Amino acid sequence: MLGMDEERIPTQLYLISPLDVGGDFPQRLENALSAGPVAAFQFRVKDMDQHEAARLAAPLQEICAARDVAFIVNDSVALAKRIKADGVHLGQSDGSPREAREELGRDAHIGVTCHASKHLAMDAGEAGADYVAFGAFFPTTTKQVEHHAELEVLEWWQNLFEIPCVAIGGITPDNCGPLIEAGADFLAVSGAVWNGDETAAVRAFTEVLAG
């Protein structure tokens, strides 16, 4: 599950779903989670009726629960509450962590996208976020990128705050080393896993994370 001990724990993997989670995706998720340790899985679908989203989430949530992988819903506090997800990941236009906490309860994991902004990250932390996400660190085709983050923001955050930070954006087994060294607590990855062989990709990340 997401969380930090008093001493910094090694960087962990945080998988983000592709937009298409139907078809054989549940089996692909099983494959990925069997290939190495994963701390969390983010269910990210867009422009979808909540009933349909809940239907698609159900088997994935079951797979994650069986492996003690935190199941995080992207953007929608209402969906997270409906399916009793482990938490929600909020963009800057998705409401405040404080409001999400009121809806989802004390134990929910609440993360916030902070782009490359130290100010947004501090605001999120003060509002009760459990983690902040910085990025994009590298070019990515998963979503349109308006903000580019530098390694320095991870180092700055790690030196000053106890709340975990997540690095996101175009991360691969080949380029993630500097992010780990800079202090990323979690690497959020999507395309690097789902655009190819998910088993091989998670194994490759696991090897790098094991140092």
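The values are calculated or read from the model by the stated rules, or taken from the named source; none is laboratory data. Note that the structure is a prediction, hence the values are computed from the model and not measured. All Cβ positions, glycine included, derive from the backbone under ideal geometry; neighbour counts span all protein chains shown.
Could you please let me know if L2 is surrounded by 20 or more Cβ atoms within 10 Å (Cβ to Cβ) and at pLDDT below 95?
In short, yes.
Which residue is surrounded by the fewest Cβ atoms within 10 Å (Cβ to Cβ), if the candidates are limited to the range 192-205 and must be of a type outside the set (D, E, K, R) and more than 22 Å from F43 (Cβ to Cβ)?
Looking at the filtered set, the residue picked out is A200.
Going by the conditions given, is E52 surrounded by fewer than 18 Cβ atoms within 10 Å (Cβ to Cβ), at pLDDT 95 or above and more than 18 Å from A133 (Cβ to Cβ)?
Criteria met by E52.
Checking D107 against (1) outside any helix (DSSP H, G or I); (2) over 16 Å from the mean Cα position of the chain (by Cα); (3) within 21 Å of V145 (Cβ to Cβ); (4) not hydrophobic (A, V, I, L, M, F, W, C): exactly one of these is not met. Which one?
So D107 meets the others, but not (3).
In the range 70-114, which residues are surrounded by 13 or more Cβ atoms within 10 Å (Cβ to Cβ), out of contact with any Gly (no Cβ under 8 Å at 6 or more places or on another chain) and either basic (K, R) or in contact (Cβ under 8 Å) with a residue 60 or more places away in the chain (or both)?
Within the range 70-114, K81, R82, D86 meet the criteria.
Could you pull out every one of the helices (runs of 4 or more DSSP H) wholly within the range 1-91 that has 3 or more residues that are of a type in the set (D, E, K, R)?
Passing ranges, in order: 50-66.
Just the residues that are within 18 Å of the chain's Cα centre (by Cα) and in a helix (DSSP H, G or I), please, taken from the range 193-202.
V193, W194, E198, A201, V202
Looking at R67 and the list (1) touching a residue at least 24 places away in the same chain (Cβ under 8 Å); (2) of a type in the set (D, E, K, R); (3) within 22 Å of H148 (Cβ to Cβ), which single condition is not satisfied?
The failed condition is (3).
If I ask for residues that are over 18 Å from P18 (Cα atoms) and in contact with a helix residue (DSSP H, G or I) (Cβ under 6 Å, 6 or more places away or on another chain), which ones from the range 48-79 would you list?
R67, V77
If you take the residues of the range 136-191 that are outside any loop (DSSP other than H, G, I, E, B) and aromatic (F, W, Y), which of them is surrounded by the most Cβ atoms within 10 Å (Cβ to Cβ)?
The extreme case among them is W157.
Examine the range 181-192 for a residue that is closer than 21 Å to S34 by Cβ, among the charged types (D, E, K, R), at pLDDT 95 or above and more than 17 Å from the chain's Cα centre (by Cα), and state whether such a residue exists.
no
Need pairs with beta-carbon distance below 6 Å; first residue under 16 Å from Y14 (Cβ atoms) and within the range 196-209, second assigned to a helix (DSSP H, G or I) and among the polar types (S, T, N, Q); sequence gap 6+ or separate chains.
Taking only residues 6 or more apart or on different chains, the pairs are E198/N31.
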